[in-house]
1. Can you go through VAL175, VAL162, VAL184 and tell me which one is part of a strand (DSSP E or B), within 15 Å of LEU100 (Cα to Cα), touching a residue at least 24 places away in the same chain (Cβ under 8 Å) and not basic (Lys, Arg)?
2. Identify the residue in segment 70-113 that is in a strand (DSSP E or B) and at pLDDT 95 or above and, among all such residues, is farthest from SER181 (Cα to Cα).
3. Given the conditions (1) out of contact with any Lys or Arg (no Cβ under 8 Å at 6 or more places or on another chain); (2) closer than 22 Å to GLN185 by Cα; (3) in a helix (DSSP H, G or I), report the number of the one that ILE121 does not fulfil.
4. What residue, among those in segment 59-101 that are more than 20 Å from the chain's Cα centre (by Cα) and of a type in the set (Lys, Arg), is nearest to ILE131 (Cα to Cα)?
5. Just the residues that are modelled with pLDDT of 95 or more and charged (D, E, K, R), please, taken from segment 154-184.
6. Which one of these is assigned to a strand (DSSP E or B), within 12 Å of the chain's Cα centre (by Cα) and not hydrophobic (A, V, I, L, M, F, W, C): THR149, THR136?
7. Would you check which residues across segment 112-127 are surrounded by fewer than 18 Cβ atoms within 10 Å (Cβ to Cβ) and without any contact (Cβ under 8 Å) to a residue 40 or more places away in the chain and list them?
8. Quick one: in segment 44-61, of everything that is β-branched (Val, Ile, Thr) and within 16 Å of ILE166 (Cα to Cα), which residue is surrounded by the fewest Cβ atoms within 10 Å (Cβ to Cβ)?
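The values are calculated or read from the model by the stated rules, or taken from the named source; none is laboratory data. Note that the structure is a prediction, hence the values are computed from the model and not measured. So basically every Cβ, Gly included, is an ideal-geometry build from the backbone, and we count neighbours across all protein chains shown.
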Amino acid sequence: MPARKRLRRVQVIFAGMLAMAASVAAADTLSEVAGRYDIQPSSHIGFTVAQVGGGGITGDFKKFSGVFALNKSDIAHSMIDFTLYPESVVTGQARIENFLRSDAVFDTENFPTIKFKSTQITQTSPDTAVISGLLTARGKSSPATFQATLSGHGKNTITFHVDGKIMRSRYGMDVGTPIYSNVVQFDMTIEAQRT
């Protein structure tokens, strides 16, 4: 076989391999992991509140629950229902944790849960979506938006990285501003099991 034909054949084989690799990569899409899932305790719900001059408050919540359903034919018809228990807040500093649980911030005695319920999910790429919904804390509800990225899945498990920002003042939790930012940055890893 002439060298030119051999080179062309290698190029065709290589192009086919690239197409197969692209096809496998494209399989990790939101529509292909559709189903109903329970959020697992192994998830991580982290947050940060910046402080003027550096530092701030960083922590996470240890207790939460939730479900979500990904609609295979139309991601926009998916839903998320999530409950956070603010008494489970952990920052590594007991004084700050007690302050956050007090009536100055979460007021966990009167408002033991923070809830998020989706109102719209917009797919922005094969493996990303913007989640809009209502966040309810301290008896006040306000729109909130989060960005979600599919970061892994197994046969019956799925993992998302989710981030977003909320304004504390919308929920009557703006104590300490402007020294502490009015913005709470969430950084979450959501692990879920298909039900």
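1. Numbers: VAL175 fails: part of a strand (DSSP E or B); VAL162 fails: within 15 Å of LEU100 (Cα to Cα).
Testing whether each residue is part of a strand (DSSP E or B), within 15 Å of LEU100 (Cα to Cα), touching a residue at least 24 places away in the same chain (Cβ under 8 Å) and not basic (Lys, Arg) leaves just VAL184.
2. In the first step, residues of segment 70-113 are kept if they are in a strand (DSSP E or B); the result is 70, 79-84, 89-90.
With the extra rule that they be at pLDDT 95 or above, the set shrinks to 79-84, 89-90.
Details: MET79: 30, ILE80: 28, ASP81: 27, PHE82: 25, THR83: 24, LEU84: 21, VAL89: 18, VAL90: 19 Å.
Among them, the one singled out is MET79.
3. (3)
4. Across segment 59-101, the extreme among qualifying residues is ARG101.
5. Matches in segment 154-184: ASP163, LYS165, ARG168, ARG170.
6. Details: THR136 fails: within 12 Å of the chain's Cα centre (by Cα).
THR149 is the lone residue from the list that is assigned to a strand (DSSP E or B), within 12 Å of the chain's Cα centre (by Cα) and not hydrophobic (A, V, I, L, M, F, W, C).
7. PRO112, THR113, LYS115, LYS117, THR119, THR124, SER125
8. Applying the first criterion (β-branched (Val, Ile, Thr)) to segment 44-61 yields 45, 48-49, 52, 57-58.
When the remaining residues are screened for being within 16 Å of ILE166 (Cα to Cα), the result is 45, 48-49, 57-58.
Numbers: ILE45: 21, THR48: 17, VAL49: 20, ILE57: 20, THR58: 14.
Within segment 44-61, the match that is surrounded by the fewest Cβ atoms within 10 Å (Cβ to Cβ) is THR58.
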